[in-house]
Amino acid sequence: MAENKNAVYIKILVDTLEKKKETLEILTEITKEQETALNRKDFSMDYFEEAMEKKEKVIENLNQLEDGFEAFYQRLESVLQTDKAAYRSEIRKAQGLIGEITDLSVRLQAMEARNKEKLTAKLTDKRQEIRNFKNSNQTAEKYYHNMANQHQAGQSYFLDRKK
């Protein structure tokens, strides 16, 4: 009976790893979309934020999978250590999936770091554009205010009537 229970837990463990891998692949695709958006000249912050919202949902799912994996692994750790021969193929499959998950995680972190740098540069450019726009508006406002104050009521004009 315990043997069947352990086999079920190991199957769930492997299934959880497969789902985790699929979820990381989805995250990688969303991150690639963000990278493409960041490389465009007509960068859309709205599109980028939409992608961020999608990623948040996927990350929540990933965290749940991680919690499930940890719970099953803790239950099976002693069984996997003592009865390796009985579950050799499942252990190999799990190890292979863990390796793939690790590779995906490393690639995803590198992509995220690049995207962060690009986003920081885009935001810096936008801040500079806003600053320049404000300065231009202030300069124009001062100019028009100054020109409007050139002639005060009660001031007379002198014209040179010499020809």
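The values are calculated or read from the model by the stated rules, or taken from the named source; none is laboratory data. Everything numeric in this text was worked out from a predicted model, so none of it was measured. FYI the Cβ positions are ideal-geometry reconstructions off the backbone, even for glycines, and counts take in every protein chain you see.
Whenever a residue of segment 59-74 is of a type in the set (Gly, Ala, Ser), its partners that are assigned to a helix (DSSP H, G or I), lying with C-beta atoms within less than 7 angstrom and at least six residues away or across chains, give the pairs Gly68/Thr16.
Could we say that Lys57 is of a type in the set (Lys, Arg), farther than 30 Å from Ile10 by Cβ and at pLDDT 90 or above here? No; evaluated as a whole, the condition is false for this residue. When we screen Leu38, Leu24 for residues that are surrounded by 13 or more Cβ atoms within 10 Å (Cβ to Cβ), touching an Asp or Glu at 6+ places or on another chain (Cβ under 9 Å) and in contact (Cβ under 8 Å) with a residue 60 or more places away in the chain, the only hit is Leu24.
Looking at Lys32, Lys84, Lys19, Lys54, just one residue is over 30 Å from Glu129 (Cα atoms), among the charged types (D, E, K, R), in contact (Cβ under 8 Å) with a residue 12 or more places away in the chain and touching a helix residue (DSSP H, G or I) at 6+ places or on another chain (Cβ under 8 Å), and that residue is Lys19.
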